[in-house]
Each structure stands twice: as structure tokens, then as C-alpha cells.
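Note sheet for the following structure.
The values are calculated or read from the model by the stated rules, or taken from the named source; none is laboratory data. All values reported here derive from a predicted model rather than from experimental measurement. Ideal geometry is used to build each Cβ from the backbone, glycine not excepted, and the neighbour counts take in all protein chains shown.
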Amino acid sequence: FLGLALTVAFASCNNSEKKAEGAADSASALVDSAANTLDSAATKVDSAAAKVDSAAAKVDSAATKK
């Protein structure tokens, strides 16, 4: 009986370890996805800032020509 109980207990612990690994992998993937989203947003902000700078340079250039 003791051997059976230990076998069942060991099997239960082994299964929960796999679930914990799966949860950790899932959390890691979620963090990576969030980081990629933030990187993409930062790239869009940088692009918008470059367009504003370009427009400002054109306005300055036009004002200088007058």
C-alpha cells in the first residue's frame, strides 16, 4: 500500500511540475509579446517625431527664403 501511495504521490508531483513549466513558458511568451508591442509603438513614435522634425525643417527653410 505504501508503495502505491508513493507512486501516486510522485506521479502527481511530476504532473504539476509540467504544468508549472507550461505556465512559465506561457508567461514568458506573454512578456515577449508585450515587449514586441512596446518596441513597435516606440518605432511608430520615433517615425512620427522624424516626420514632425522634417516638417519643421521645411517651415524653417521656407521662412528663411522670404
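Below, the figures for the structure above:
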item	result
Lone qualifier among A50, A62 - being modelled with pLDDT of 80 or more, among the small types (G, A, S) and surrounded by fewer than 10 Cβ atoms within 10 Å (Cβ to Cβ)	A62
Of the criteria (1) at pLDDT 75 or above; (2) exposed (fewer than 10 other Cβ atoms within 10 Å of the Cβ), which one L2 fails	(1)
Filter pass, A24 being under 16 Å from the mean Cα position of the chain (by Cα), at pLDDT below 80 and either part of a helix (DSSP H, G or I) or not aliphatic (A, V, I, L, M) (or both)	yes
